[in-house]
Amino acid sequence: LALGACSNGTSVSQGKTDSGKGSTSKEVTYRLWDAGQQATYQKCAVAFEKETGIKVKIEQQGWDDYWKNLTTDLVSGTAPDVITNHVQYYPELAGKGQLLDLNQYMKDGEIDFSKYTGELANLWVKDGKRYGIPQDWDTIAFVYNTKLTEEAGVSADELKKLTWNPQDGGTFGKLIAHLTIDNNGKRGDEPGFDKNNVKVYGWGLE
């Protein structure tokens, strides 16, 4: 998950603030798909307004409606200012010029990206532009059964260097085949493997 800013032709109304005190006409809309998180983010929005004078209007929609409506709103210029994004969806939105490069709004060192686990923060960088910032615990991880990988002769170092491509699956695809075992003990990359009678699957996606 990440926070991203939409480029929808709209602008935030401007107004003076005095360290978060007094009236202001600033307001941004923030859309998310998880109703379970809405109450918590509303508390964050209230605290943010108190500190900055900028009001945050939260819009919550279910997963399916979220992406369907977002596509329509981006085209019509009625999209929210900030959205919860997804690594599967943002490249297409960015490619169509519907997301802003967040780098232009951040001063050097303002956010310490080294605090994020592994390459998590870099998942949102494309062609030198940053289209999102991780916002919570929903990270992307590769989890494996050490007993099964050791039995298959695959080292931890090899697992860290896996590659993937849409043509043949790369070394990741080969790993899945090697870890898959049929009822006769044949691996997926061995002659005689029976794909209709699998005992151990080399890949499980939750």
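The values are calculated or read from the model by the stated rules, or taken from the named source; none is laboratory data. Predicted model only: the values in this text are computed from it and were never measured. Every residue, glycine as well, gets a Cβ built from its backbone with ideal geometry; the counts of neighbours run over all protein chains shown. Surface areas here come from the heavy atoms of the whole protein model, side chains and all, with no ligands, DNA or RNA. Shrake-Rupley method; radii C 1.70, N 1.55, O 1.52, S 1.80 Å.
Sequence-ordered 3J(HN,Hα) estimates for region 63-76 from the Karplus curve with 6.51, -1.76 and 1.60 and θ = phi - 60° stand at 3, 5, 5, 4, 6, 5, 6, 4, 4, 5, 5, 5, 5, 7 Hz, glycine and proline given as x. A straight Cα-to-Cα reach below 30 Å connects Lys174 with the lysines Lys126, Lys147, Lys160, Lys161, Lys186, Lys195, Lys199, residues fewer than 8 places away in its own chain not being considered. Based on Cα contacts under 8 Å between residues 6+ apart, region 117-176 shows a relative contact order of 16 percent. Under 5 Å between amide hydrogens, built in the peptide plane, is the criterion, and for Glu59 it picks out Tyr30, Arg31, Leu32 among residues at least 5 positions away or on other chains.
What percent do you get for the relative contact order of the chain when only Cα pairs under 8 Å and 6+ apart count? That works out to 20 percent. When a/c is below 1.5 the answer is rounded, else prolate if a/b is larger than b/c, else oblate, so apply that to region 86-126 with a ≥ b ≥ c taken from the square roots of the Cα gyration tensor eigenvalues. In terms of gyration-tensor shape, oblate.
Here region 116-158 has an Rg and Dmax of 15.0, 42 Å, counting Cα atoms alone. Taking a straight Cα-Cα cut-off under 24 Å and skipping sequence neighbours fewer than 8 places away in the same chain, the lysines within cross-link reach of Lys129 are Lys96, Lys107, Lys115. Return the distance in nm (one decimal) between the two label points of a simple spin-label model at Asn183 and Asp65, each offset 7 Å from Cα along Cα→Cβ. Calculated label separation equals 4.7 nm. Based on protein heavy atoms only, the chain ends up with 66 Å² per residue of surface accessible to a 1.4 Å probe. Computed from phi, the 3J(HN,Hα) profile of region 167-174 under the Karplus parametrisation 6.51, -1.76, 1.60 (θ = phi - 60°) reads 7, 10, x, x, 5, 5, x, 5 Hz, with x in place of Gly and Pro. Give me the percent of DSSP beta bridges within the chain that run antiparallel, rounded to the nearest 5. If I count the DSSP bridges inside the chain, around 60 percent turn out antiparallel. Straight-line reach from Lys43: taking Cα to Cα under 16 Å and skipping same-chain neighbours fewer than 8 places apart, the lysines in range are Lys55, Lys57. Rounded to the nearest 500, the 222 nm mean residue ellipticity of the chain from helices alone is -8500 deg cm²/dmol, with -39,500 (n - 2.57) taken per DSSP H run of at least 4 residues. Can you give the translational diffusion coefficient of the chain in µm²/s, computed by Stokes-Einstein from the Kirkwood radius over Cα pairs at 4 °C and 1.567 mPa s? Stokes-Einstein gives a translational diffusion coefficient of 63 µm²/s. Backbone amide hydrogens, once placed in the peptide plane, bring Leu99 within less than 5 Å of Ser7, excluding anything fewer than 5 places away on its chain. Short to long, the 5 Å bins of the Cα pair-distance histogram for region 34-130 hold 2, 9, 17, 19, 22, 21, 8, 1 percent of all pairs. Apply 1/(1 + (r/R0)^6) to the Cβ-Cβ distance of Lys161 and Cys44, taking R0 = 30 Å, and write down the FRET efficiency to the nearest 0.05. After rounding to 0.05, the efficiency reads 0.20.
Within the accessible surface of region 47-206, defined with a 1.4 Å probe on protein heavy atoms only, the carbon and sulfur portion equals 51 percent. Taking amide H atoms as placed 1.01 Å from N in the peptide plane, the amide H of Tyr116 has no partner under 5 Å among residues 5 or more positions away or on other chains.
Applying a DSSP loop filter and a limit of 15 other Cβ atoms within 10 Å to the GluC sites (Glu not before Pro) in region 67-157 leaves Glu110, Glu119. For region 182-188, putting each phi into the Karplus relation 6.51 cos²θ - 1.76 cosθ + 1.60 with θ = phi - 60° gives couplings of 8, 5, 9, x, 7, 7, x Hz, in residue order, rounded to whole numbers and with x for Gly and Pro.
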